[in-house]
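The structure appears right after this line, and notes come after that.
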Amino acid sequence: MVQIPHIVAIPYPAQGHVLPLMELSLWLVKEGCKITFVNSEFNHKRVIKALSENDDVRNKISLVSIPDGLGPEEDRTDLKKLTEAIAEVMPGKLEEVINMINESDENGVSCVIVDENMGWALGVAEKLNIRRVAFWPAAAATLVSLFSVSKLIDDGIIDSDGAILKKQGIRLSPNMPIMNPSDFVWACFPDPALTKIIIDLVADNNERVKSADWIICNSVKELEPGAFDMFPQVTPIGPLLATNRFGSSTGHFWPEDSNCLKWLDQQPHNSVIYVAFGSFTILDLTQFQELALGLESSKRRFLWVVRENLILDGNDSAYPKGFKDRVGTRGHIVKWAPQQKVLAHPSIACFLSHCGWNSTVESVSNGVPFLCWPYFADQLFNQSYICDVWKVGLGFDKNEFGVIGKEEIKNKMDKLFGDVTFKERALDLQAKVNSSVKGGSSNKMFGKFIDWIKTQSGSI
């Protein structure tokens, strides 16, 4: 009997990690694989609740859940508590899921695909003698920085607790852009105890990933050749976009408001600023109001995603008094948007973004230039790619109070709109990325990966 490859996919429990692994899973379903997607119970409920009525993902993928070790009301933005709870509870629960599948399904688990941040899951698979794939959902350069932790300690750039010892910019390899040590993923947390937990987790993941048969990355060699040259064992298979699959994006934690597409249909070509900060960014009231006033004073059309927990201790009254009346129909505000469809819309002129990697590759893939507003983690380095390497965007400068003011926001909007070279470079970059998909480098690598999966399961 021909075995169907049965893959268990385990994302890190954050929106920016669930989405690309879900997208990869849907691509694998198209290739004839069976997928069991293992979310945390907390995120599983959010994904199910956010699914639209016509989303048939549950007919394609088995969506299951395991506890993350925290209670329903506990704060999952407390990364110290979350990281410790995951390590204590999830390994045993994942092993139970895999054993249950193997006992009840004629197509037992042939492979696991694990978010690299969940290296313990590679250990579970190794214990059960199952093939292992490490998946990196972000920029290859960020992964390279994680792989380089031991060298950074040896070179005196950081200490063994992750604290920065030398603040000047460094190059991890001659062909990579300069990285500011303060932009390292583990360096953006103010709590030294959390930094220590993260750096120890990185070291453990680096050891675990050595057992992986593949390390695959949601990026494109044409976007960051230096990073892939430095670690050739990392295989680019991106960008993982639903639009390339001719499908819809699945795995969101909030329901998408598709009515904004109708509003975009009514706007002139290349006229709208799309403003979205992903799932994690939090703005205090002062910063939120300055952004609103900057959008207002720009006199430009905008589509603004204001998710329910974007504003620190905020609510609908957080908007400046009279703001919505003054901007009228030239502004449209939603709680969550179908972002890939928005960025592909001809009315979009630029993306005011937190620079998460999913948002970055989605915008690049559509030739949309950026206004960069990074919040934390890899977003800081992604901004340097956007502004300094690819030169398809501008960053904002904070004032003496640590706030990005309304005048700064308006001025950078005017500068981006007034210089056509940003759009020209964005379109050139779009062509490079798209060439990697249609018969190009990522497409060929993905084909080799699929062949390996099918060969290992005995399906070809």
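Every read-out reported here was derived from the displayed coordinates using simple, explicitly stated rules and does not represent laboratory data. Small disclaimer: the values here were computed from a predicted structure and weren't measured. When we count neighbours, we look across all protein chains shown, and the Cβ atoms used for this are built from the backbone with ideal geometry, even at glycine.
Roughly what % of Cα-Cα distances in segment 347-460 sit above 17 Å, to the whole percent? Tail of P(r) above 17 Å: 61 percent of Cα pairs. When the C-alpha to C-alpha distance is required to be over 20 Å, the pairs from Lys321/Lys412; Lys341/Lys398; Lys262/Lys341 that qualify are Lys321/Lys412; Lys341/Lys398. Okay, helix-only estimate at 222 nm for the chain: each DSSP H run of n ≥ 4 adds -39500 (n - 2.57), divide by all residues, round to 500 deg cm²/dmol; what do you get? Result for the chain, helices only: -13000 deg cm²/dmol.
If you place +1 on the Cβ of every Lys and Arg and -1 on the Cβ of every Asp and Glu, how big does the dipole about the Cα centre of the chain come out, in debye to the nearest 20? Display every interim value, and only then the final one.
Values: 47 positive and 56 negative charges, 306 e Å.
With only Lys, Arg, Asp and Glu charged at Cβ, the dipole is about 1480 debye.
Give, as a single signed number, the net charge of other residues whose beta carbon lies under 9 Å from the beta carbon of His6, with Lys and Arg counted +1 and Asp and Glu -1. Numbers along the way, then the final one.
On the way: positive: Lys34; negative: Asp105.
Summing Lys and Arg as +1 and Asp and Glu as -1 gives 0.
Computed from Cα atoms, the angle from the helix 192-208 axis to the main principal axis of the chain rounds to 40 degrees.
Once the convex hull of all Cα atoms in the chain is built, its volume per residue stands at 144 Å³. Under a model in which nothing but the beta-carbon of Lys, Arg (+1) and Asp, Glu (-1) is charged, segment 142-283 shows a dipole of about 200 debye around its Cα centre.
Taking R0 as 35 Å, what's the FRET efficiency between Val403 and Ser62 from their Cβ-Cβ distance, rounded to 0.05?
Numbers: r = 47 Å, r/R0 = 1.33.
Using R0 = 35 Å, I get an efficiency of 0.15.
Simple spin-label estimate for Glu84 and Ala50 gives 2.8 nm between the two label positions (7 Å along the Cα-to-Cβ direction from each Cα). Simple rule: put +1 on each Lys or Arg Cβ and -1 on each Asp or Glu Cβ in the chain, find the dipole, and look at Ile450, Leu416, Thr83; the Cα lying farthest toward the positive end is Leu416. Within the same chain, lysines fewer than 8 places from Lys80 are excluded, and of the rest, those with a Cα less than 23 Å from its Cα are Lys45, Lys93, Lys196. The modelled label-to-label distance between Asp155 and Asp428, using points 7 Å beyond Cα along the C-beta direction, is 2.9 nm.
Rounded to the nearest 20, the Cβ-based charge dipole of segment 259-434 about its Cα centre (Lys and Arg +1, Asp and Glu -1) stands at 560 debye. Using only the C-alpha atoms, the convex hull of segment 257-326 corresponds to 103 Å³ per residue. At full extension, Asn309 and Thr329 could sit 4.8 nm farther apart than now, given 0.36 nm per residue minus the alpha carbon distance. Pair-distance distribution P(r) for segment 112-176, from all Cα-Cα distances in 5 Å bins starting at 0: 4, 15, 19, 17, 16, 14, 9, 5, 1 percent. When you restrict to C-alpha pairs under 8 Å that are six or more residues apart and normalise by the size of the chain, the relative contact order lands at 16 percent. Segment 288-335 and segment 64-123 have Cα centres separated by 38 Å.
Considering only alpha-carbon pairs that sit under 8 angstrom and 6 or more positions apart, the relative contact order computed for segment 112-237 is 33 percent. Close amide H pairs (under 5 Å, H built 1.01 Å from N) link Gly395 with Cys372, residues at least 5 positions away or on another chain.
With contacts taken as Cα pairs under 8 Å and at least 6 residues apart, segment 259-434 reaches a relative contact order of 25 percent. What's log10 of I(q)/I(0) for segment 259-434 at q = 0.13, 0.17, 0.18 Å⁻¹, Debye sum over Cα points only, no solvent? Once normalised to I(0) and log-transformed, intensities are -0.59, -1.07, -1.22. Estimated at 0.36 nm per residue, the fully extended path between Lys444 and Ser211 surpasses their Cα-Cα distance by 81.5 nm. Backbone geometry of segment 138-144 corresponds, through the Karplus equation with coefficients 6.51, -1.76 and 1.60 at θ = phi - 60°, to 3J(HN,Hα) couplings of 10, 5, 4, 4, 5, 5, 4 Hz, x marking Gly and Pro. In segment 410-460, the inverse of the mean reciprocal separation of distinct Cα atoms equals 13.9 Å; this is its Kirkwood hydrodynamic radius.
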